[in-house]
Amino acid sequence: METVVSGIRPTGNLHLGNYFGALRNFISMQNEHNCYFFIADYHSLTTHPTPGDLNGNVRQILVEYLAAGLDPDKATLYVQSDVPEVAELYLFLNMNAYIGELERCTSFKDKIRQQPQNVNAGLLTYPTLMAADILIHRANKVPVGKDQEQHLEMTRTFGNRFNRMYNVDFFPEPQAFNFGNELVKIPGLNGSGKMGKSEGEGNAVYFADEPEVIRKKVMKAVTDSGPTEPNQPKPEAIQNIFQLMKVVSTPNTLTFFEEQYNTCQIRYGDMKKQLAQDMIAFTEPFREQIKALLSDEVYISRVRKAGQEKAHESASKTLREVREIIGFRKF
Ligand code: TRP
């Protein structure tokens, strides 16, 4: 059994891309491993220093992930800021993190470009905060995508450096959790690229979207005037519609439209109508569950509190030892 840690950014609602990406893997991992999944609200301040409704966003994300299948009886689900030991470990790690290596981090360089008016120290030390999230539970597995590989590499650097500096064998080396080929790519609705909230209005289908909203988004999805010769390869935008249909529709439906395409009889309006209907049906149970949970304040705060307690237990144990190792002791 591995100890697994992963953070969830509290910006943006849950969409089909998140679900078929990380989330489905979280859901299967929670059955086999000791998992800590948390909402990274400290991290969100690096880009959103004055959040309008941080608490509301955190609640929404917690509810959506619960509705999608994260189980508080299996995994430890918590809010990062509920476990301030993370901040103390971050402080210790920052003492041994060098400006040069932090400045070389790709995500930092990207952020400088994206928000030149707010190049704050939190952005620079984002990797040490992420390392603290992982090392606080002495995790050995982190389910992250390619974009987080460098952060994970830095986590290993910081953990190994700590071990070396204080001459201990304390932090394990966390490795990326490899899903092999289980990752399903979910394209967006605007013709190219993957589904995501930063890819433009109407590109992503959210679990909390009402059926009418889903229908409108799908009907606006980018298509073209259709194939002019039989059995032609599909342009990207069309391929994307088929890929979405593959995940939410029945194999028969997919085959029907494949044949229509290959014989140049396809009518994208009809196809999108069908896709919208199947997406609405697919998201229906999630949507209902989100509504039910949002109105159950008592349950949600109970889940949050229980997660905090479990995470605190693990975090405070690590921190007690870290303080001891560095030399913070009582007289
Ligand atoms: N940086 C991650 C992201 O942008 C979120 C994150 C924060 C995280 N802390 C983490 C992921 C710890 C894994 C482990 O998606």
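Overall shape of the stretch 197-291 was characterised from the C-alpha gyration tensor. The equivalent ellipsoid obtained from it has semi-axes of 26, 15, 10 Å, in decreasing order.
What number, in nm² with one decimal, is the all-direction average of the projected area of the convex hull of the alpha-carbon atoms of the stretch 23-141? Its Cα hull, projected and averaged over all orientations, spans 8.3 nm². Taking the longest Cα principal axis of the chain as reference, the axis of helix 149-165 is set at about 10 degrees. Placing a label point 7 Å from the Cα of M219 along the Cα-to-Cβ line, the residues of the stretch 272-288 whose backbone N sits under 11 Å from it are 273.
Reported value for the chain: 158 Å³ per residue, from the convex hull of its C-alpha atoms.
Quick one: net charge of E101's neighbours, Cβ under 13 Å, K/R +1, D/E -1?
For residues surrounding E101, the net value is +2.
Between helix 297-326 and the chain there is an angle of about 40 degrees, using the helix long axis and the longest principal axis of the Cα atoms. Computed extension length for T255-R320: 17.5 nm, one decimal, from 0.36 nm per residue of separation with the Cα-Cα distance subtracted. When the label point is put 7 Å from the Cα of E149 along its Cα-to-beta-carbon vector, which residues of the stretch 6-43 have a backbone N closer than 18 Å? 22, by backbone N distance to the label point. Distance between the C-alpha centers of the stretch 115-181 and the stretch 221-268? Whole Å please. First find each Cα centre; the distance between them is then 42 Å.
Each Lys and Arg contributes +1 and each Asp and Glu -1, all at the Cβ; summed about the Cα centre of the stretch 1-140, the dipole is approximately 420 debye. For the chain, a simple Cβ point-charge model (Lys and Arg +1, Asp and Glu -1, everything else neutral) yields a dipole of about 460 debye relative to the Cα centre. Simple spin-label estimate for E288 and F328 gives 5.0 nm between the two label positions (7 Å along the Cα-to-Cβ direction from each Cα).
Of the residues Q80, Q60, Q150, the one that moves most in a GNM of the chain with alpha-carbon contacts below 10 Å is Q150. Taking the stretch 307-331 and a reference point 7 angstrom along Cα→Cβ of M95, the backbone N atoms nearer than 13 Å belong to 322-329. Once backbone amide H atoms are built at 1.01 Å from N, Q175 has K141, V142 as its partners under 5 Å, excluding neighbours fewer than 5 places away on the same chain.
Where a number appears in this text, it was derived from the coordinates with a stated rule and is not lab data. Because the structure is a prediction, the values reported are computed rather than measured. So basically every Cβ, Gly included, is an ideal-geometry build from the backbone, and we count neighbours across all protein chains shown.
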